[in-house]
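Shown next, in structure tokens, is the structure this report addresses.
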């Protein structure tokens, strides 16, 4: 009876068995995260863990950070919507990370510079104004990108536990009635508070320690569920489902009408730029005890990014093979958690949810810390006329992380996500990846690069994806069918396409850097006295 009033559907989640497993994991994480807070006495400890990270901790931390619930959701959606071809971004990112780590391209001079953020390096090449502008763009793109993390994580937990996202208030005017219609908000808030507490207290030290624990739990959960799918659903059935629904396009992105060359090229630009300048990835490089350690973290973590897309992609394909379209509904993002809610048995369900919580907490904590570090170091830094004490700096960093948490909670509640999740993350990430990767490459390898070119690259690189996001929300035009007759409205963003607009952002940011740098007049040399 209570389950009906609360909008609970059939699920294998058992509140006594699975709930105990999840509760035990959460307690262990909080204890581990808070235990190291006493070692945080300086801002450097808070932001880059005193630069004492070794290879193995770096691998675990980077892998845990870059696999959250949001990652599992969008890669599973890729598998459901595109078949095995949806794993292409993972292959491209693995290749980019291995080659960049192996050659040291950009990351070697960046780590050798001894900075704590990328904009700090830019000040040496382009001046303080570009450092500040770069910090603003990084935070803007990063927060917009992370804005959907909490909602997506909350939706996963609500669906896997068997709650109805669209439950109506069966007990109006009562506490139970309010709870029955606010599962998502409650889940988002609880997740955020837990992550924020140990991140605010321990900074990067807490993140590294909890990431290691979360990596172990996350890996166990991923492997167990994947083996269950391969045994009970079967590889032949997965391949058959992809072939039936998508034909050759389910295996080759060039034959898939949703993908094509634009998809492949955009993701090549996106993933290469992310390896070079995505702040949460770079934070591990900068926290490494030396440059060689940072490069080894890159090369040894690279294959994980294939698994990062392929394993949840298989979960999405399993949903495609077993669930009817009516069970999935209009939003394919929910296909995978709906499948898991009735597929994973009691006991293992607790391990699965603990693994997903581990993934989500490690991602959220790292992202909050990284964007907070940029705000403190690069946006607020130019306004500090004198150096702050470590005590004052730690207080400000902790307040910034708390404010980011509040922003993420409210943004996640009201932003209406349109289109597939991976495309949204790619476009919002491009707001800063297009320009920052251009600035970093030019800073490291082009002596003629200057602040004019840097400013042009930042403006152009951010303007194109922001314009696309605005058009996606507000601008519609009448559409016509093949005979030229009016049909339903189509969004302008669909006519432009997210992939080609993203490619344009990367290419034009590079053009702006070159043109702007060459246009700047050389300073006139003073005549000898």
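Bear in mind these aren't lab numbers, they're just calculated from the coordinates by the rules spelled out. Remember, predicted model here, so these are calculated numbers, not experimental data. As a convention, Cβ positions derive from the backbone with ideal geometry for all residues, glycine included, and neighbour counts pool all protein chains shown.
What spacing in nm lies between the two simple spin-label points modelled at residue 223 and residue 113, each 7 Å away from Cα in the Cβ direction?
Going from the residue 223 label point to the residue 113 one covers 3.9 nm.
Would you mind ranking 422, 371 by Cβ crowding within 10 Å, fewest neighbours first?
Numbers: 422 23, 371 26.
So the residues, fewest neighbours to most, are 422, 371.
Modelling each spin label as a point 7 Å along the Cα-to-Cβ direction, I'd like the residue 252/residue 403 distance in nm, to one decimal.
5.3 nm
Full-extension gain between residue 231 and residue 519, please, as 0.36 nm times their residue separation minus the C-alpha to C-alpha distance.
Numbers: separation 288, 0.36 × 288 = 103.68 nm, distance 6.29 nm.
Between residue 231 and residue 519, full extension yields an extra 97.4 nm.
Under 16 Å from the 7 Å Cα→Cβ point of residue 103, by amide nitrogen: which residues of segment 250-268?
268
Going by how many other beta carbons lie within 10 Å of each one, how would you line up 366, 435, fewest first? Each step should come with its number before you reach the end.
Working: 366 28, 435 34.
Taking fewest neighbouring Cβ atoms as first place, the list is 366, 435.
Order by neighbour count: 380, 399, fewest other Cβ atoms within 10 Å first, most last. Numbers along the way, then the final one.
On the way: 380 17, 399 13.
Ordered from fewest to most neighbouring Cβ atoms within 10 Å, 380, 399 come out as 399, 380.
Assuming 0.36 nm per residue, please report the length gained on full extension of the stretch residue 216 to residue 140 beyond their Cα-Cα distance. Intermediate results must be reported in sequence, preceding the final value.
Working: separation 76, 0.36 × 76 = 27.36 nm, distance 3.20 nm.
24.2 nm is the gain from fully extending residue 216 to residue 140.
Subtracting the Cα-Cα distance from 0.36 nm times the residue separation, let me have the gained length for residue 388 to residue 24 in nm, one decimal.
Working: separation 364, 0.36 × 364 = 131.04 nm, distance 3.99 nm.
Going from the current span to full extension adds 127.1 nm.
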